Amino acid sequence: MNLATTSIPARKTRLAGLALALIAVAGPLQATALAGNALEVHEWGTFTTLNSSAGMPLGGLYVDATRLPAFVNGLPYFNYDAAKGWASLEKLRGVTVKMETPVLYFYSQTEMAVDVKVGFQGGTISQWYPSCHECETDPTTASVDFAAAPYRGHIGWKATVLAPGTVLPYTTAASGLETPEWTAPRNTESNLIKGEKGEIEKFLFYRGLGNFPATVDIRFRPDGQLAVKNLGSDDIASLMVYERSYGPMYVSDAATIWYNGSMKAGGEIVLKRDKASTEYGQGFAAMETFRVELQKAGLTNSESRALLNTWYNGYFIEGGIKAFWIVPRAQVDRILPLTIVPEPGKLERVIVGRSEILTPEFEQALYHAEAVDSLEAKFGSDKYHMAFRDFLSKGSDWHLTTGIRSDRLAAAARATATWALPGGGWASPWFAKPGGRGAVDLQGRTLRNAPPLGR
């Protein structure tokens, strides 16, 4: 992520309009063909994570980029409070994964009742629509630590898949509360759904928070290159590393693709931060490139466009370095076990892994904001501001893999060598304190929250 990720609203509006136009003209809608009373179900969604430059997952990922409409159901414990704002890091601990906007589409030639249940191994299903038949209740504890023990969320719906060609107004259409992010997923050929309380919508929607290991590890190496590794036991059919930047450090509006391809289980690639590389491409082309991969993974033409029209800003317009990949189906089924009665003749589940990474430059900006400016004033409106607080709260060499043990001088030397950049400067402003406990900054000041020995 770069220093100007929250600026230039006019430019973002222009880029967003162009992005939508590119998606809209890319081709006709594709219908799903069904025979008899067969049921077909398609799903898409996102697992979002944020890493430090050294690949450490950050907590605090419970702030919405754009708040969901008020008609969406949710658990107050995990969501924004109009009087109190967002919960503190002490109340919601270890939230390292945002499960964003999974939607379920249903295709059938006849009207039929369906019973749908989704589990979440490692998190809570904290928001949903329409009303649930069976769902979680608010925790009663003072805090929830998602890293302490596996959290097992769930939700269940009893709904009716309406017959093709049924024309009814969406229940929420007259509310005045719908947002573009809410309406974009409707642009498919799927059947209308009627919820248990009569709600009419095009999909079943749910969202959650959790903590589980990401499939893809992404981190900066000491030489400034980016290392990306598939930690899972399944091959990744499609992975893209993408960057959009603003500000004086980069070309204005620069959008580049660091990598686009597949990755074997256990595979690793090392990418150079080289703007002249032939692997780079312009940003808007990346959207269509990734859309094709979504369709290959099982979504229809219109579903893949609906996903990108919902997430184009977070995926391709907001600044930062991001890895996008199609989460292997076996992993999706383990994390989000899904049962549908009657059992669909075909079930497609396309979940996008999205891992963003803080650049060393941005980490220094956070340290500077904490020490000199007001972090809240500078980054308080950023969707990751609680994650930035989590990063700063770790302090010291938390993101250095070498701990401070008995040989402090050797540890300091290793840390110094690790974070020294070619041509001068530091990739991180913190390094081990020679001959002492904890760490100092580059000005020699002792860090407030120094780690204990042996960490």
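The values are calculated or read from the model by the stated rules, or taken from the named source; none is laboratory data. Just so you know, these numbers come straight off a predicted model, no measurement behind them. Reconstructed Cβ throughout: ideal geometry from the backbone, glycine too, with neighbour counts over all protein chains shown. All accessible areas refer to the heavy atoms of the entire protein, side chains included, with ligands and DNA or RNA removed. Shrake-Rupley method; radii C 1.70, N 1.55, O 1.52, S 1.80 Å.
Under 14 Å from the Cβ of PHE379, count the other residues' Cβ atoms, weight Lys and Arg +1, Asp and Glu -1, and hand me the total. Could you put the intermediate results ahead of the total?
Details: positive: LYS378, LYS383, ARG389; negative: GLU318, GLU363, GLU370, ASP373, GLU376, ASP382, ASP390.
Once positives and negatives cancel, what remains is -4.
Once you order the gyration tensor axes a ≥ b ≥ c over the Cα atoms, which shape class does the range 98-248 get: rounded for a/c under 1.5, otherwise prolate or oblate by comparing a/b with b/c?
On the way: a/c = 2.09, a/b = 1.58, b/c = 1.32.
Because a/c hits 1.5 or more and a/b exceeds b/c, the range 98-248 counts as prolate.
Two-decimal Rg/Rh of the range 108-188 from alpha-carbon positions, Kirkwood Rh? All intermediate terms of the calculation are to be shown ahead of the outcome.
Details: Rg = 16.7 Å, Rh = 15.7 Å.
My calculation puts Rg/Rh at 1.06.
Give the ranking of VAL350, VAL372, VAL72 by solvent-accessible surface, highest area first, calculated with a 1.4 Å probe. The partial results should precede the final answer.
Numbers: VAL350 0, VAL372 100, VAL72 20 Å².
Sorted descending by solvent-accessible area, the residues read VAL372, VAL72, VAL350.
So which GluC sites (Glu not before Pro) in the range 35-133 end up in coil per DSSP with only 11 or fewer other C-beta atoms within 10 Å?
Working: sites: GLU40, GLU43, GLU90, GLU100, GLU111; in loops: GLU90, GLU111.
Hits after loop and neighbour filter: GLU90.
Within the set of other residues whose C-beta is less than 14 Å from the C-beta of THR183, count the net charge using Lys and Arg as +1 and Asp and Glu as -1.
Numbers: positive: ARG186, LYS202, ARG305; negative: GLU178, GLU181, GLU201.
Spelling it out: positives minus negatives among the neighbours equals 0.
Based only on the alpha carbon positions, what is the Kirkwood hydrodynamic radius of the range 279-396, in angstrom?
Working: mean 1/r = 0.0580 Å⁻¹.
After inverting the pairwise mean of 1/r, the radius is 17.2 Å.
Provide the packing ranking of 379-387, 117-125, 144-152, i.e. peptides ordered by the mean count of other C-beta atoms within 10 Å per residue, highest first.
117-125, 379-387, 144-152
Grab the other residues whose beta carbon is less than 10 angstrom from that of ALA65, score K and R as +1, D and E as -1, and report the net. Before the final figure, lay out each step's value.
Working: positive: ARG67, LYS98, LYS383; negative: ASP64, GLU100, GLU181, GLU318, ASP382.
With Lys, Arg at +1 and Asp, Glu at -1, the net is -2.
Using only the heavy atoms of the protein chains and a 1.4 Å probe, how would LEU209, LEU68 rank by accessible area, largest first?
Details: LEU209 10, LEU68 35 Å².
My answer, sorted largest first, is LEU68, LEU209.
In terms of Cα to Cα distance under 27 Å, which lysines are near enough to LYS91, apart from those fewer than 8 places away along the same chain?
In chain and number order, the partners are LYS378, LYS383, LYS394.
Which value, in Å² and to the nearest 10, is the accessible area of THR215 when all protein chains are kept and the probe is 1.4 Å?
20 Å²
May I ask you to list the lysines whose Cα is less than 28 Å away from that of LYS264, ignoring any residue fewer than eight positions away on the same chain?
Leaving aside lysines fewer than 8 places away in the same chain, those within reach of LYS264 are LYS98, LYS229, LYS272, LYS275, LYS296, LYS322, LYS346.
LYS197 to ASP145: FRET efficiency via 1/(1 + (r/R0)^6), r the Cβ-Cβ distance, R0 45 Å, to the nearest 0.05? Walk me through the numbers before you get to the answer.
Values: r = 34 Å, r/R0 = 0.76.
Approximately 0.85, to the nearest 0.05.
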